[in-house]
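The values are calculated or read from the model by the stated rules, or taken from the named source; none is laboratory data. Values in this document were obtained by computation on a predicted structure and should not be read as measured data. Counting neighbours? That spans all protein chains shown, and the Cβs are built from the backbone with ideal geometry, glycine included.
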Amino acid sequence: MAKLSPRHAVVDRDMCVACGTCVDVCPMGAMKIIQGVYASPVEDKCVGCGMCAKECPASAIKVEVRS
Amino acid sequence: MKQQRHWYHYLWIWSIIYFSLGFVNILFAWLGLISFCLPLIFAIGGGNKLFCNRYCDRGQFLRVMGSQVGLSMRREMPDWMKGKAFRYGFMAFFFAMFFNIIYTSYLVGSEIQNLQDVVTLLWTFQLPWNWTYTAGVSPWVAQFAFGLYSLMLTSEVIAIVAMLIYKPRSWCVFCPMGTLTQTICRAKASPES
């Protein structure tokens with residue numbers, strides 16, 4: 001199993017509008033839209049770079065240290 | 001890592017073409033129905049927001065102008081604009097205006113009302129647009145075109161203002177079609193999602 005990055009994107013599902021901006025900007029191709037309802041990071045691809053959080057118009061994404 | 005570019009990354013050009021065509025001949029405004037039908041087909045048929053995620057010309061146009069050209073001030077959008085009350089309220093208002101266009105077209109088609117060859121911006125400001133209507137079509141066809149073009153132009157102006165002040169794709173937060181298709185997708189989604 002690949003080593004996970006110490007930081008990762010966390011999506012607030014209630015705030016997410018599933019616009020796909022995060023999918024578009026993610027350099028790792030780590031964001032997916034789940035059934036047209038909310039975005040979700042692919043955990044073993046996400047490096048916590050914050051590009052998605054920076055671009056998200058709904059401010060629904062935060063980068064956090066993995067617990 | 002540079003993302004691979006696909007043909008659909010250039011659909012933002014369609015926004016420019018659409019508004020340019022409507023400037024020349026208002027009947028091209030009917031093409032705006034594509035932006036109403038395709039998201040619904042994806043949402044109802046596929047249970048996804050692929051139109052928003054990949055094919056939305058307006059979303060791409062805002063990204064290009066806001067991010068690549070750098071026109072966006074990238075301020076934080078106020079919480080009330082991201083809230084459900086505003087999103088669903090704006091959706092209800094927007095579709096009420098859309099059905100008003102259909103009703104007005106019906107009145108013109110029934111000869112109860114005369115054709116108004118104006119484009120109304122922000123539901124208030126009437127712009128003279130009488131040079132565009134030249135083809136010999138039924139008046140209701142032209143009336144619907146004027147109405148739809150007004151709605152598309154108004155929403156484009158709101159989207160551009162939101163892009164300039166807030167993040168590039170801020171319009172997507174309260175886009176009526178986006179809100180509607182997300183609601184459809186939520187209703188169709190399996191319970192574990």
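Are any of the residues in the range B:111-120 surrounded by 17 or more Cβ atoms within 10 Å (Cβ to Cβ) and closer than 30 Å to B:ARG75 by Cα? Yes - at least one qualifying residue is present in the range B:111-120. Taking (1) surrounded by 13 or more Cβ atoms within 10 Å (Cβ to Cβ); (2) without any contact (Cβ under 8 Å) to a residue 12 or more places away in the chain; (3) assigned to a strand (DSSP E or B) in turn, B:GLN126 satisfies each apart from (1).
Residues that are within 13 Å of chain B (Cβ to nearest Cβ) and on the phi > 0 side of the Ramachandran plot are absent from the range A:37-58 altogether. Each residue in the range A:9-29 was checked for being more than 7 Å from chain B (Cβ to nearest Cβ), in contact with a Lys or Arg (Cβ under 6 Å, 6 or more places away or on another chain) and at pLDDT below 95, and 0 of them qualify. Of all the listed residues (B:LEU151, B:LEU121), the sole one being within 18 Å of the chain's Cα centre (by Cα) and under 25 Å from B:ARG54 (Cβ atoms) is B:LEU151. When you check B:TRP7 against the structure, is it within 14 Å of the chain's Cα centre (by Cα), among the aromatic types (Phe, Trp, Tyr) and under 26 Å from A:MET51 (Cα atoms), yes or no? Taking the combined requirement at face value, the residue does not satisfy it.
Considering each residue of the range A:33-50, count those that are closer than 21 Å to B:ASP57 by Cα and within 8 Å of the chain's Cα centre (by Cα), and give that number. Number of matching residues: 1. So which residues in the range A:51-61 are within 8 Å of the chain's Cα centre (by Cα) and either surrounded by fewer than 22 Cβ atoms within 10 Å (Cβ to Cβ) or over 20 Å from B:SER170 (Cβ atoms) (or both)? Across the range A:51-61, the qualifying residue is only A:ALA53. When each of B:THR183, B:THR179 is tested for being of a type in the set (Ser, Thr, Tyr), surrounded by fewer than 17 Cβ atoms within 10 Å (Cβ to Cβ) and either in a helix (DSSP H, G or I) or more than 13 Å from chain A (Cβ to nearest Cβ) (or both), the lone residue that passes is B:THR183.
Tallying residues that are touching a residue at least 40 places away in the same chain (Cβ under 8 Å), under 20 Å from B:GLY83 (Cα atoms) and in a loop (DSSP other than H, G, I, E, B) within the range A:15-55 yields 3. Evaluation of B:PHE42 against the conditions (1) modelled with pLDDT of 95 or more; (2) within 13 Å of chain A (Cβ to nearest Cβ); (3) in contact with an Asp or Glu (Cβ under 9 Å, 6 or more places away or on another chain) shows that the sole unmet condition is (3). Note on the range B:52-72: residues that are assigned to a loop (DSSP other than H, G, I, E, B) and in contact (Cβ under 8 Å) with a residue 40 or more places away in the chain amount to 3. When the range B:59-93 is filtered for residues that are under 16 Å from the mean Cα position of the chain (by Cα) and within 11 Å of chain A (Cβ to nearest Cβ), the ones remaining, listed by number, are B:GLY59, B:GLN60, B:LEU62, B:ARG63, B:ARG87.
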